Amino acid sequence: MFRLVERFCFALLLFGAACERSDTLAEPSLDAALRQDLSRWGVLPIGPAPFQPQALVDLGQALMFDKILSGNRDVACATCHHPSTHEGDGLSLSIGTGGTGLGPSRTPGPGRQFVRRNAPSLLNDGLGLSYLFWDGRIARFGNGFIPAGGPLQGLPGGQPDVLSAQAMLPVLDRREMRGEAGDHDVFGAPNELAAIADSDSAAVWRAIMQRLLAIPEYVDKFHRAFPDFPTIGLPELRFEQAAQALAAFQISALTKTDSPFDRYLRHDDAALTTQQKRGARLFFGKALCSSCHNGPLLGGNGFANAGVPQLGPGSPTTPPLDRGRADLPDQQQGYQFAFRVAPLRNVELTAPYMHDGAFPTLEAVVRHYNDAPLTLTTYDASQLDPALRPTYHGDAATTDSVLSTLDFRLRTPLHLTDAEMGDLVAFLKSLTDPAARDLRALVPAAVPSGLPVPR
């Protein structure tokens, strides 16, 4: 009897060893197939971020958190792009000047509206993206950029990259930062930025620089950041230099490219779990994700109508709908409801998702892509903040209009199983750099204006 038990146990050990060898043998085939996918879709390791002078970074950090850039002195760039919410604000649609609170608890002030789009995270925006803003109104071209006409025609040239060009624009937007005519700032003084005509962008930028250079600490910071300027003052220094500093801070502090997926790209096969590898194979195959989200950043290079539910105040040209790229001057009708394909690095941290934050979780996003027409026509607005639910446009005419130009890849269901959708979400979470999870150390103790720092 003892020998029978001994033989049985030995057989179990052999079986277990054989299973272990089978798993070990299966893994390289999965890796080999996945690495072929990565090569086919141009997914390469990301190199180091360009070096930024420390004095320029220091100036940019101060400007990022200083409410002096807003007309009413009540909102900073960091209000909508805060470290505590991974360089977004955690809201479906942002709340600019006149609002109270920070992050997901922020609410509009009396008579104020939501900003028409979601505030995308600034993580990794300094890695050479082709387009910025949801409608791609600024595009990279060679070593410079192309503004997309219209109100951007006054954007000065000479900016070194799209990131510094982008930093010129939020201060012009009345709902985001500049305020409305007749506004008063937090001290009760008239808002001189809001009194300037919308057509005179240069005057707004000059007025902001007058504010900054009236503060000795900012004069010193600009002098250190731009030592080649013969004197520090107007008209030598312009808001273009402030925008360059804001971009330098973002490049230096917000580039996070050491995720498990990054380590896998550097040939560490153990960096991803088997489930994440299965999800990656779906991403680059059956789920069709990589047909839009490809290249080193997994997106950021094109536009698509993904059938996203419409909500919010809409575009100034076509309210209450937001037609995305089609609302820019000289855009073709084929761009109706098309928005920038977002890069996916660190996407786990940047909910809610899409140009209007219509989906609160990655699971909801994957479920949407599995059957976009069904999700659009049956969208449940109860997943939105109660204040936003009345702004949801779910009438048949709107959904039919969105569906009429839906991206061809999304017109039929993908037929992903629940398990496959779970694998896809697991892969998306492998794109998170652990260093991006807690960015609170980036918040300065104080800013040169003495205004409260968003915390």
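The values are calculated or read from the model by the stated rules, or taken from the named source; none is laboratory data. Bear in mind that the values here come from a model prediction, so they are computed numbers and not experimental data. We place every Cβ from the backbone using ideal geometry, glycine too, and count neighbours over all the protein chains shown. Surface areas here come from the heavy atoms of the whole protein model, side chains and all, with no ligands, DNA or RNA. Shrake-Rupley method; radii C 1.70, N 1.55, O 1.52, S 1.80 Å.
Worth pointing out:
- One residue alone among Met168, Met209 is in a loop (DSSP other than H, G, I, E, B), in contact (Cβ under 8 Å) with a residue 24 or more places away in the chain and either within 21 Å of Phe249 (Cα to Cα) or among the basic types (Lys, Arg) (or both), and that residue is Met168.
- Residues within the stretch 211-249 that are touching a Lys or Arg at 6+ places or on another chain (Cβ under 8 Å), open to solvent by 20 Å² or more (accessible area, probe 1.4 Å) and at pLDDT 95 or above, tallied: 0
- Screening Thr317 with (1) touching a Pro at 6+ places or on another chain (Cβ under 9 Å); (2) more than 17 Å from Val425 (Cα to Cα) gives one miss only, at (1).
- Among the candidates Pro50, Pro104, the residue that is modelled with pLDDT under 95, under 25 Å from the mean Cα position of the chain (by Cα) and of a type outside the set (Gly, Ala, Ser) is uniquely Pro50.
- If you go through the stretch 221-266 and keep only what is hydroxyl-bearing (Ser, Thr, Tyr) and within 23 Å of Ala202 (Cβ to Cβ), you end up with just Thr231.
- The stretch 424-455, residues that are outside any helix (DSSP H, G or I), closer than 26 Å to Leu297 by Cα and charged (D, E, K, R): Asp433, Arg437, Asp438
- Across the stretch 250-269, not a single residue is classified as closer than 26 Å to Leu410 by Cα and open to solvent by 20 Å² or more (accessible area, probe 1.4 Å).
- Selection over the stretch 49-65 of residues that are touching a residue at least 24 places away in the same chain (Cβ under 8 Å) and assigned to a loop (DSSP other than H, G, I, E, B) gives a count of 4.
- Pick from the stretch 125-164, criterion among the aromatic types (Phe, Trp, Tyr) and either farther than 26 Å from Leu439 by Cβ or in a loop (DSSP other than H, G, I, E, B) (or both), ranking: modelled with the lowest pLDDT: Phe145
- Considering the stretch 83-106, and only residues there that are more than 27 Å from Ala181 (Cα to Cα) and in contact with a helix residue (DSSP H, G or I) (Cβ under 8 Å, 6 or more places away or on another chain), the residue that is surrounded by the most Cβ atoms within 10 Å (Cβ to Cβ) turns out to be His86.
- Checklist (1) in a loop (DSSP other than H, G, I, E, B); (2) acidic (Asp, Glu); (3) out of contact with any Asp or Glu (no Cβ under 7 Å at 6 or more places or on another chain) applied to Glu240, failing item: (1)
- Of all residues making up the stretch 107-124, the number that are open to solvent by 20 Å² or more (accessible area, probe 1.4 Å) and either farther than 20 Å from Arg174 by Cβ or part of a loop (DSSP other than H, G, I, E, B) (or both): 9
- Check on Thr391, out of contact with any strand residue (DSSP E or B) (no Cβ under 7 Å at 6 or more places or on another chain) and modelled with pLDDT of 95 or more: no
- Looking across the stretch 53-82 at every residue that is under 29 Å from Thr361 (Cα atoms) and open to solvent by 10 Å² or more (accessible area, probe 1.4 Å), the one that is farthest from the chain's Cα centre (by Cα) is identified as Cys77.
- Taken together, Asp438, Asp433 contain a single residue that is open to solvent by less than 20 Å² (accessible area, probe 1.4 Å), among the charged types (D, E, K, R) and over 25 Å from Arg325 (Cβ atoms), which is Asp433.
- Residue in the stretch 401-418 that is at pLDDT below 95 and touching a Leu at 6+ places or on another chain (Cβ under 9 Å) present: no
- Among (1) under 20 Å from Phe249 (Cβ atoms); (2) in contact (Cβ under 8 Å) with a residue 60 or more places away in the chain, the one test that Thr97 misses: (1)
- Counted as qualifying within the stretch 318-412 are the helices (runs of 4 or more DSSP H) with 1 or more residues that are open to solvent by less than 20 Å² (accessible area, probe 1.4 Å) and touching a Phe, Trp or Tyr at 6+ places or on another chain (Cβ under 7 Å), namely 362-370, 396-404.
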